[in-house]
Amino acid sequence: MDEVKKGYRDVEGEGKKTWREADGEEDLSDKIGNAGDDIRKHLGNLGDDVSNAGDDAGREMDRH
């Protein structure tokens, strides 16, 4: 499921970036928007990775 969410985040970010650049220019607000999207994407992916690591550790503890 996390791979699906990561893929969605990538597609969503690229779509927004393409939309912002549709006018042929990339102004400061476009750059800020793209940077914000990249940050949200990476934080979302990091959150999924941390959650998975916690789940894995919990399962490992349950086995012992």
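Each value in this text was obtained by applying a stated rule to the coordinates, not by laboratory testing. Only a predicted model underlies this, so the values are computations on that prediction, with no experimental measurement involved. Virtual Cβ from ideal backbone geometry, glycine too; neighbours counted across all protein chains shown.
Rounded to the nearest 500, the helix-only mean residue ellipticity at 222 nm of the chain stands at -31000 deg cm²/dmol, with each DSSP H run of n ≥ 4 adding -39,500 (n - 2.57).
The long axis of helix 2-20 is offset from the longest Cα principal axis of the chain by roughly 10 degrees.
Once the Cβ-Cβ distance of Glu60 and Tyr8 is raised to the sixth power relative to R0 = 25 Å, the FRET efficiency obtained is 0.30. Per-peptide packing, taken as the mean over residues of other Cβ atoms within 10 Å, places 51-58, 39-46 in the sequence 39-46, 51-58 from highest down.
Cα-based radius of gyration for the chain, normalised by 2.2 N^0.38 Å, reads 1.57. Angle of helix 28-63 to the longest C-alpha principal axis of the chain, folded into 0 to 90 degrees and rounded to 10: 10°. Ranking Gly54, His64, Thr18 by how far each Cα lies toward the positive end of the dipole of the chain (charges on Cβ) leaves His64 at the top.
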